[in-house]
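Derivation of every value follows stated rules applied to the coordinates shown; laboratory data play no part. Bear in mind the structure is a predicted one, so any value in this text is a computation, not a measurement. Neighbour counts are summed over all protein chains in view; Cβ atoms, including those assigned to glycine, are modelled from backbone coordinates with ideal geometry.
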Amino acid sequence: MIAFKNVLGVWVFDEKFNLVDKSLFKPEEALEKLYDETDMQLIKKYNAATNLTRDQKRKILSFFESRAKDFYLPNLMITKKRVKDSIGYDNLIIQTINHVEELNKISNMLSKRLREWYSLYNPEFSNSVDDHLAFSRMILEGNEPKLKESMGADLKEDDIVSIKDIATEIVRIDELKERQISYLEKIMKKYCPNIQAVAGTLIGGKLVAMAGSLEKLTIFPSSTVQLLGAEKALFRHIKTGSRPPKFGVIMNHQLVNSVRLKDKGKVARMLANKISLAAKVDRFKGEFIGDKLAKGLEDAVKKEGKK
């Protein structure tokens, strides 16, 4: 006797490949039962062989050619389950950090439009405040000064309403961004605490997003982690022979920014090593060592700065 197992169930054939017995699975249990041994009793009953040759498999599969439609429902249930199981916490991190990045872009675009538009009315003030958010808030609060001999046009209050509408949206977007960052900080602390402790919330989230998942981030060598976000510069170096990049998004880390220019590459390499280790600990649910990693990194950077 020969036993064959697929998403439909367990099938027992004789030596001439005639069906002798079968045990069918429910569609919702197909994936689970396909890989367990719950139907070993049927195989033991007939003392059926399960190690089949290529020719035996080919003949058995020909038996199922007329049953192709029977595979639809079990395979549909399996596909749905696998899609559902594939959605993990790192998907939440990726979606959130991407949203934060999009909000930054939208805010910058609106701020540029606000400054150009408002400069028609009060160009002196528009050029005196660099911070976009502070600029928007001052317009909404009516705290912006206007020179008596200003070069700006004498716009009426009705003309300024649309300008203030843009300022309102910039402030709202900033408030939404802060809420999203707060949420990102919460899920990073829960699922990637070591990465968060070493890299910070935003940089850690960006690294997970650029890698595609936490699992992929753990596979990358630290040299790749160091250059995530610098792909354009890296390809330009490969193509034209220009200077290679020393770091990607981790250039915004406070430790990298705190050292001299000539030491930034070395500090970025040390930081990438710690992030790579932190990612592996988070991926395999190890103990929290982020504080030790961060402290060790800070001590190494201070020692490097004294040389």
Go through Leu217, Phe13, Met138 and say which Cα lies farthest out towards the positive end of the charge dipole of the chain; charges sit on Cβ, +1 for Lys and Arg, -1 for Asp and Glu.
Phe13
Under 17 Å from Lys81, Cα to Cα: lysines that are on another chain or at least 8 residues apart
Lys26, Lys33
Using a Gaussian network model of the chain with C-alpha springs under 10 Å, which one of Leu76, Leu176, Leu271 is most mobile by mean-square fluctuation?
Leu76
Quick one: check the C-alpha center-to-center distance for segment 247-307 versus segment 17-76, whole angstrom.
53
Most fluctuating of Met138, Met40, Met270 in the GNM of the chain (C-alpha, under 10 Å) is Met40
Along the dipole axis of the chain (charges at Cβ: +1 for Lys and Arg, -1 for Asp and Glu; origin at the Cα centre), the most positive-end residue among Val171, Asn104, Leu61 is Leu61
Which pairs in the list Lys239/Lys302; Lys69/Lys280; Lys112/Lys232; Lys177/Lys285 are over 32 Å apart, alpha-carbon to alpha-carbon?
Lys239/Lys302; Lys69/Lys280
Treat the chain as a sphere of radius equal to its Kirkwood radius over Cα pairs and apply Stokes-Einstein at 20 °C in a medium of 1.002 mPa s; give the translational diffusion coefficient in µm²/s, rounded to a whole number.
85
Among the listed pairs Lys186/Lys216; Lys44/Lys80; Lys190/Lys266; Lys22/Lys84, which are separated by more than 27 Å between their Cα atoms?
Lys44/Lys80; Lys190/Lys266; Lys22/Lys84
How far apart, in nm, are the 7 Å Cα→Cβ label points at Phe17 and Tyr72?
2.6
Loop trypsin sites (Lys or Arg not before Pro), segment 1-87, which have at most 16 other Cβ atoms in a 10 Å radius of their Cβ (DSSP)
Lys16
Quick check: residue separation of Arg58 and Leu92 times 0.36 nm, minus the Cα distance between them. What number comes out in nm?
7.9 nm
Quote the charge dipole size of the chain about the Cα centre in Debye, to the nearest 20; the model charges only the Cβ of Lys and Arg (+1) and of Asp and Glu (-1).
1720
Filter the chymotrypsin sites (Phe, Trp or Tyr not before Pro) in segment 1-81 down to the DSSP loop ones having no more than 16 other Cβ atoms within 10 Å, then list what survives.
Phe17, Tyr35, Tyr46, Phe64
With charges only on Cβ, +1 for K and R and -1 for D and E, what is the dipole size of segment 2-86 about its Cα centre, in debye, rounded to 20?
240
What distance in nm lies between label points placed 7 Å from Cα along the C-beta direction at Lys302 and Glu175?
4.2
Mind checking which of Ala68, Ala167, Ala268 has the largest fluctuation in a GNM of the chain, springs on alpha carbons under 10 Å?
Ala68
Given unit charges at Cβ for Lys, Arg (+) and Asp, Glu (-), the dipole magnitude of segment 70-216 about its Cα centre in debye, nearest 20, is 900
